[in-house]
Each structure stands twice: as structure tokens, then as C-alpha cells.
1. Within 10 Å, count the other beta carbons around each residue, average over each peptide in 218-229, 318-329, and list them highest first.
2. Mind scanning 70/114; 307/411; 120/149 and naming the pairs with a C-alpha gap bigger than 21 Å?
3. Just want to confirm a number: the relative contact order over the stretch 5-207, from Cα pairs under 8 angstrom separated by 6+ residues, in percent.
4. Label residue 40 and residue 281 with points 7 Å out from Cα along Cα→Cβ: what is the distance between them in nm?
5. So for 393, 99, 302, fewest C-beta neighbours within 10 Å to most, what's the order?
6. Just need the Rg to Rh number for the stretch 231-280, please, alpha carbons only, Kirkwood Rh.
7. Just want to confirm a number: the relative contact order over the stretch 282-390, from Cα pairs under 8 angstrom separated by 6+ residues, in percent.
8. Grab the Cα-Cα distance for residue 169 and residue 128, subtract it from 0.36 nm times how many residues apart they are, and report the gain in nm with one decimal.
Amino acid sequence: MIEYEKYTLENGLTVIVHQDKTTPMAAMDVCYKVGARNEDPERTGFAHLFEHLMFGGSKHIPNYDEPLQKAGGDNNAYTTNDLTNYYLTVPKANLETGFWLESDRMLELAFSQKSLDVQKNVVIEEFKQTTLNQPYGDVWALIREMAYKVHPYRWQTIGKEISHIEKATLIDVKDFFYHHYAPNNAVLVVAGNVDAEKVMAMAEKWFGTIPAREIAENRIPAEPQQTEYREQTVFRDVPDDALYMAYHITDHLHPDYYTADLMSDVLSEGKSSRLYQRLVQGKKVFSSLDAYISGDFDPGLFVFSGKPSAGISLEHARNELEKEIEMIRNELVAEDELEKVKNKFEANVIYSEISYLNKAQNLATYEVLKDASLINTQKECYRAVTSAGIKRFASQVFIPENCSVLYYRTKK
């Protein structure tokens, strides 16, 4: 059980404090309820661009990293389709340095054309390196475009195209900041060897005077049910062919989300999993093969991805994979097989909860998703998954009309 205290400041900022006496450190996590799904389809990549802009100086602090490093701290950030997360660690005695830094950039960035141009160039270069110039780099862009036709999950966090970032103006980024970066659109979590009353006093001191802002209306269109099989073939300069099969699944709060997650573990978690034992090590149809869920807040995807072994065609590899899919659709998973993946999950949770930073990030993520209390119900949700539930879910999800297939072929 992860114990915590939760408060809401008058400006709408949610503050969560978790005490962990096993460490001399403290973690601060500021999670904003804005990700790629909150972007204008004609101005994508802004949430990720802001992840970079937030380190380019704020109203009163021209350099974020320097004072934090002097205080013995470290920091980083990440953007997903659902949120943008900033986190730092610091010796508990220097925690107020973190409050000073994070509150100032929530208050106002040091908007300048120079800073914008620098960060735009960084993001554009990242787009080229990760998507355009990296082998298999455009796979997720292709899968998303196939699987989603309406929902903003149809583009990646890096954005749909470089031109959206290239055309970003100071007016655009200021508008995005003031309609998404606000105390009433954020969660602040502090975890570590801290006192809740002192943390709350610092939260009030540093964040309490930041005004609440008008948050952009979040009209995210629901993706219609996929009713036809979709397929695409591309040729790229890559060393090996690859196969991708994506199926729509439920949102993160649906009980079947946990069914999908454990089903992916039964299929491909570790060298004792079905797909590895039968198709990689056994029949040697694939040199690598994986099954996983996208982990999105809104209805996401269950994806199979693999590279056939030398001399094996994509079509033959797919036929062999579909035999395994058909098996999990029609036969109950053995109880010991299911128990094994449940035990692995619980072990991973217990291990992750050793880290005060992990606990801070998880509390923030669950609070943005719905409520921080979800951190204490995950084990029960996974424990409730049954073999019959996996069979039922697989039979509903793994059907041709719910499937998008990408044949990724080498040019050679």
C-alpha cells in the first residue's frame, strides 16, 4: 500500500505527498494534462516541442539546469499522447530549489524568438533522426495512420510532419502555453523523506500565487469501431523484412485493459513465452517476435511485431503467427501459465516501488488518468484476470475486421 496525502490549492493545482523514509532524497514530479491528443491536427508536435521549451529559461530563471545541479539535483521529462511529465530528484534539504524552479516555469516561460528557433531546430533534428533516417523509424507513424482515422492518436508525439514545427510562431506557442500549462491543469507530486505539512507550505508559497487559467476545451473525438480489414505494404532501405499486426482494444480504465496486458505477457514475455518457444526457438519462423499493448489512456492497440528468419517470407511468418492467435482465441490458457505472468507482474511492481521517483511518477500518472488511488488497486485488477476472460477477449479482438497489417519490406 502506497500511502499519500492529497490537497488542492485554490488555483486548482493538485498536490500529492508520499513519505519514504528509506532515502535521503526527494523527487518532485509536475505532470501536465496535455499530450499529443490535445493538439490541433494542423499543428501537431506542440506538446513535445514544449517539453524542450520548458528547459529554455523561465520568467525569472534564465538557466534551469545550473541551479538544480548546484543543489545536487537531476532532472528529465517526457511527452506521451496523453500527458507531459517533468521530474527532478534532489537531496531533501534542497527540495525548495525544485519548488522555485518548477513554479517559475509554470508561471511564465521566457518566450523569445531565439529560444523558439533553437528548440524548433532540436525537435526537427530529432524528427529526422528518429523517424525519417532511422531504420524502421516510421513504423509507428504508419500503424497509427492505418488504425486511427478520427482520434488524435493517429499521429505520434513527435508530430505528423516537420512543417508543423517549422511553421510554429511565438504567438502559437504562447497560446498553447497559456491554455495548457496552468495550475488547474497540472498535478504536483513530492515523494521521499519529506514532511507533508512542510511540503504543503512550500506548495502554497511557490505555486499558490500562480493564477488559474482558461484551459482549452478538450474535445477529443472518439474513434469509430473499425469494421474492415486494413493492409499496407511499404519498401524501405532496411536489413530485414518486418511484420506488424495491430488490433484495437479498450481504454486504460476498462477491466479488459488488464486482460489485454496479461495476454500479451502470456504470448511474449520472456524466453518461456508462447511465441518465443514456438515460433522463435521452436519452428525458427521468426528471428524476433513480440506482442504488446500501446498503454494509452483512450482505447489503444494490441500489436504483434516481428522479423522473419532468413529465407522465411512475410506471408508464411504471418500464417504461423495466426495459428498462435487462433489458439489463444479458442483454447483456455493453462492456470499455471497465467499464474506465472501474474507473479512476474507483481514482482515487477514490488521492485519498482523501491524507487521513490517511480512512486512519484506513478502517483502523478494515475491522478491525471483518473485518481492517484489507482496505484493501490493495480495488483487486484491484474489478479482478477482469468483464463476464460482472456479467451473471451481474444475472440472479440483478434478478428480480421479489427486488424491493420503492415508489411515492411526491404528494398534489396
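1. Taking the mean over residues of other Cβ atoms within 10 Å, the ranking is 318-329, 218-229.
2. Pairs exceeding 21 Å: 70/114; 120/149.
3. Numbers: 353 pairs, mean separation 81.9, N = 203.
In percent, rounded to a whole number, it is 40.
4. 5.4 nm
5. 99, 393, 302
6. On the way: Rg = 14.7 Å, Rh = 13.5 Å.
Ratio value, two decimals: 1.09.
7. On the way: 73 pairs, mean separation 22.3, N = 109.
It comes to 20 percent, rounded to a whole number.
8. So the chain would gain 12.7 nm between residue 169 and residue 128.
Just so you know, all these numbers are worked out from the coordinates, no wet-lab data involved. Keep in mind the model is a prediction, meaning the values are calculated, not measured. Methodologically, a virtual Cβ is constructed for each residue, glycine included, from the backbone with ideal geometry; neighbour enumeration extends over all protein chains shown.
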